[in-house]
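J.: For reference, the structure I am asking about is given below.
The values are calculated or read from the model by the stated rules, or taken from the named source; none is laboratory data. Small disclaimer: the values here were computed from a predicted structure and weren't measured. Please note: Cβ atoms are built from the backbone with ideal geometry, for glycine as well, and neighbour counts cover all protein chains shown.
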Amino acid sequence: MTVNYFLKCPVCGSVTRMRTPAGYMFSTPVRIHCGNCSTLLTGEFISDNTKIKAYYKSGNCEEVEQQAYQYFGEASGEMICNKLETNLSSNFEPMAPFKPSPVFDFMTSMDFDVRDDFIDYACYTHDLSKNFDSEQIKYNLFLNNNLELIRERYKYEAQKVGYKLDSDIEIFRFIYYSLFFDCGGIFKKKEIHNMTIQINEHIRHLNFTKLQDFITELSSINRIEIAQRKLFEIMFAYIKISQNLIPAIGVNFYNDPTSIDKENLGISTCTFEDIKTFYQDVFETLAEFSDIVIGLDNIENRGAYNNFKTKLDMQKFRNQKKGNKITFLDCTEFFSKTFKLSSTSNELRNAIGHNDFEYDGVKQELKYTVQNSGKAKNVYLLDIAIECVNLTRSAYILIMFLYQIKRYINLKGNASLPMHPLLYSRAKNQSHCPCGSGKKYNRCCKGFDSKLNYNKTGYPHKANTMMDIKNTSKTPFVDKSFLKNYRNNLNIK
């Protein structure tokens, strides 16, 4: 079911017919370019499930009555959609149908539980982004070491999810857990569960003395605290632009994302200007702190953080240019492989930094020149948005590494440091306890972990709350030929 509306370009007066399916999130950004003069047309699409209304809210362009139109496009806050096209109809019938919506492909592109998880997270992050000025307070208090204020202000919120805040360690765990929860929906649920367990297993099996040497070296130059602040700021920036990236997050959940026709399908929630600074800033921060990743790989594979495959040492590595640093990350080694920072991201980062690119907003295509080689490359806006999500995922993983390192800083002797029940799910009686105490699980956290009360296990369920579009305040135009044509193309009877 779809709602149709007509936008008039404020510059050239061209009219674009837009088609938008009523979605799950209350509001989603609409950012498309005029097909005639390329002016960016902005606004919001509202799906008010409470009042049973779906409508477009104008930004810099005027919504006009149903009329002949020169272009037609599609918008969605949750999924990719058809790019803008020229209306070639000679009689300019105001409501002539056009190609089937990708909504049908979207509904079949993911497993049901994965799609529901994605929709739930999309709705959660919509509300989070709208209220993040308030939600960010606890993170800022933590980064500024105002722990007592966190204890006073967030005591009851923390208790609801299983943290008593009766020690500085508990505050540290509550804050990191909150950040992991706020941003965790960029991964599939099974993916992040497996990754969390694997990271814990690899770090606790590192040589403890050599890990402490690395922690001491990092602490001596305040590297851990600097990295923590900058990585938290990346996640704040992600939350604030998350609504621009929701369809790209969804693409990562497709069973076969390589099947997407990116020449004809794109994204309507952002333009290149909305995400280019984020792309550049995140890449540079991740490259800057890749020494943490390579130090862990060095310990696991070569016995000490300062043992490189080449004649480098850690100081020489840190003095490398950011683009060069990531070439030393070995995708065959666990921490680098999990971190997943690709050197190809550096090509576009350089082009952005040197302003050496051209962007076609109508085609959603960016052309740039690879520095040094002079090779010309084309990339679609959807690819850039997906890479923004992938960079955010790498930042999240680096924060997970950092969290484990900071846990070891807080360990006193062989004392237990309880963890989330997920990390005990694979623990065996005679294996080392996942908390890192060095003791056997049955002599450490066993028995205690079953008493932990962590209630915040999933995002608020919204996947089955979409309104009945038949009752919208605007009379939606439903192209009856959509489903018929779609079925015919698939030879479905």
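J.: So if I check each of Lys240, Lys321, Lys309, Lys262, which one is among the basic types (Lys, Arg), without any contact (Cβ under 8 Å) to a residue 12 or more places away in the chain and in the same structural domain as Leu206 (by TED's automatic domain parsing)?
T.: Lys321
J.: Of the conditions (1) assigned to a helix (DSSP H, G or I); (2) modelled with pLDDT under 85; (3) in contact with a Gly (Cβ under 9 Å, 6 or more places away or on another chain), Tyr454 fails just one. Which one is it?
T.: Single failed check for Tyr454: (1).
J.: If you don't mind, there's one more thing I want to ask. Scan region 240-265 residue by residue and report those that are modelled with pLDDT of 95 or more and touching a Leu at 6+ places or on another chain (Cβ under 6 Å).
T.: none
Condition check ((1) in the same structural domain as Glu273 (by TED's automatic domain parsing); (2) on the phi < 0 side of the Ramachandran plot; (3) among the small types (Gly, Ala, Ser)) across all residues:
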| site | (1), (2), (3) |
| --- | --- |
| Cys9 | no, yes, no |
| Ser14 | no, yes, yes |
| Leu41 | no, yes, no |
| Ile52 | no, no, no |
| Tyr69 | no, yes, no |
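J.: Please indicate, with yes or no, whether at least one residue in region 137-150 is within 26 Å of the chain's Cα centre (by Cα), more than 28 Å from Ile384 (Cα to Cα) and charged (D, E, K, R).
T.: Keep residues of region 137-150 that are within 26 Å of the chain's Cα centre (by Cα), which gives 137-144.
Next cut, more than 28 Å from Ile384 (Cα to Cα) only: 137-144.
Right, trim to charged (D, E, K, R) and you get 138.
Yes, region 137-150 contains a residue that is within 26 Å of the chain's Cα centre (by Cα), more than 28 Å from Ile384 (Cα to Cα) and charged (D, E, K, R).
J.: Now for a separate question. Condition check: modelled with pLDDT of 90 or more, β-branched (Val, Ile, Thr) and surrounded by fewer than 20 Cβ atoms within 10 Å (Cβ to Cβ). Does Val114 satisfy that?
T.: Values: modelled with pLDDT of 90 or more: yes; β-branched (Val, Ile, Thr): yes; surrounded by fewer than 20 Cβ atoms within 10 Å (Cβ to Cβ): yes.
When the stated conditions are applied, Val114 passes them.
J.: Right, another one. Between Ile352, Ile397, Ile386, which is in contact with a Ser or Thr (Cβ under 7 Å, 6 or more places away or on another chain) and of a type outside the set (D, E, K, R)?
T.: Numbers: Ile352 fails: in contact with a Ser or Thr (Cβ under 7 Å, 6 or more places away or on another chain); Ile386 fails: in contact with a Ser or Thr (Cβ under 7 Å, 6 or more places away or on another chain).
Only one candidate passes the filter, namely Ile397.
J.: Still on this structure, I have one more. I'd like to know if region 344-367 contains one or more residues that are out of contact with any strand residue (DSSP E or B) (no Cβ under 8 Å at 6 or more places or on another chain), of a type in the set (Asp, Glu) and either in contact (Cβ under 8 Å) with a residue 60 or more places away in the chain or on the phi < 0 side of the Ramachandran plot (or both).
T.: Within region 344-367, not a single residue is out of contact with any strand residue (DSSP E or B) (no Cβ under 8 Å at 6 or more places or on another chain), of a type in the set (Asp, Glu) and either in contact (Cβ under 8 Å) with a residue 60 or more places away in the chain or on the phi < 0 side of the Ramachandran plot (or both).
J.: Give region 265-309 a look and list any residue that's among the β-branched types (Val, Ile, Thr) and within 12 Å of Ser336 (Cβ to Cβ), or say none.
T.: Ile292, Val293, Ile294
J.: Cβ-Cβ under 6 Å, sequence separation 6+ or interchain: first residue in region 110-133 and within 10 Å of Tyr459 (Cβ to Cβ), partner surrounded by 14 or more Cβ atoms within 10 Å (Cβ to Cβ) and among the hydroxyl-bearing types (Ser, Thr, Tyr). Which pairs?
T.: Here the result reads Ile119/Tyr24; Asp120/Tyr459; Tyr121/Tyr459; Cys123/Tyr24; Tyr124/Tyr459; Thr125/Ser242, each pair linking region 110-133 to a residue that is surrounded by 14 or more Cβ atoms within 10 Å (Cβ to Cβ) and among the hydroxyl-bearing types (Ser, Thr, Tyr).
For (1) over 19 Å from Phe339 (Cα atoms); (2) among the hydroxyl-bearing types (Ser, Thr, Tyr); (3) surrounded by 14 or more Cβ atoms within 10 Å (Cβ to Cβ), each residue gets a yes or a no:
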{"position": "Glu217", "(1), (2), (3)": "yes, no, yes"}
{"position": "Lys240", "(1), (2), (3)": "yes, no, yes"}
{"position": "Phe253", "(1), (2), (3)": "no, no, yes"}
{"position": "Glu263", "(1), (2), (3)": "yes, no, no"}
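J.: Checking Gly13 against (1) under 26 Å from the mean Cα position of the chain (by Cα); (2) part of a loop (DSSP other than H, G, I, E, B); (3) at pLDDT 95 or above, which single condition isn't satisfied?
T.: Every condition holds for Gly13 apart from (1).
J.: Please indicate, with yes or no, whether at least one residue in region 420-438 is outside any helix (DSSP H, G or I), modelled with pLDDT under 75, touching a Gly at 6+ places or on another chain (Cβ under 6 Å) and more than 15 Å from His205 (Cα to Cα).
T.: No: zero hits.
J.: Within 26 Å of Asn82 (Cα to Cα) and not basic (Lys, Arg): which single residue out of Ile326, Ile384 fits that description? Can you show your working first?
T.: Working: Ile326 fails: within 26 Å of Asn82 (Cα to Cα).
Only one candidate qualifies: Ile384.
J.: Any residue in region 8-35 that is over 14 Å from Tyr56 (Cβ atoms) sitting within a Cβ distance under 8 Å of a residue that is basic (Lys, Arg)? List the pairs, counting only those 6 or more apart or interchain.
T.: Every condition considered, the pairs that remain are Ser14/Lys8; Tyr24/Lys462.
J.: Which of the residues spanning region 24-46 are within 22 Å of Tyr121 (Cα to Cα) and either in contact with a Pro (Cβ under 9 Å, 6 or more places away or on another chain) or assigned to a loop (DSSP other than H, G, I, E, B) (or both)?
T.: Tyr24, Met25, Phe26, Glu44, Phe45
J.: So, one more: Would you confirm whether or not region 374-381 contains a residue that is touching a residue at least 40 places away in the same chain (Cβ under 8 Å) and either of a type in the set (Phe, Trp, Tyr) or within 24 Å of Ile241 (Cα to Cα) (or both)?
T.: yes
J.: Let me ask something else about it. When you scan region 57-68, do you find a residue that is in contact (Cβ under 8 Å) with a residue 60 or more places away in the chain and crowded, with 21+ Cβ neighbours inside 10 Å, even just one?
T.: No, there is no match, as no residue in region 57-68 is in contact (Cβ under 8 Å) with a residue 60 or more places away in the chain and crowded, with 21+ Cβ neighbours inside 10 Å.
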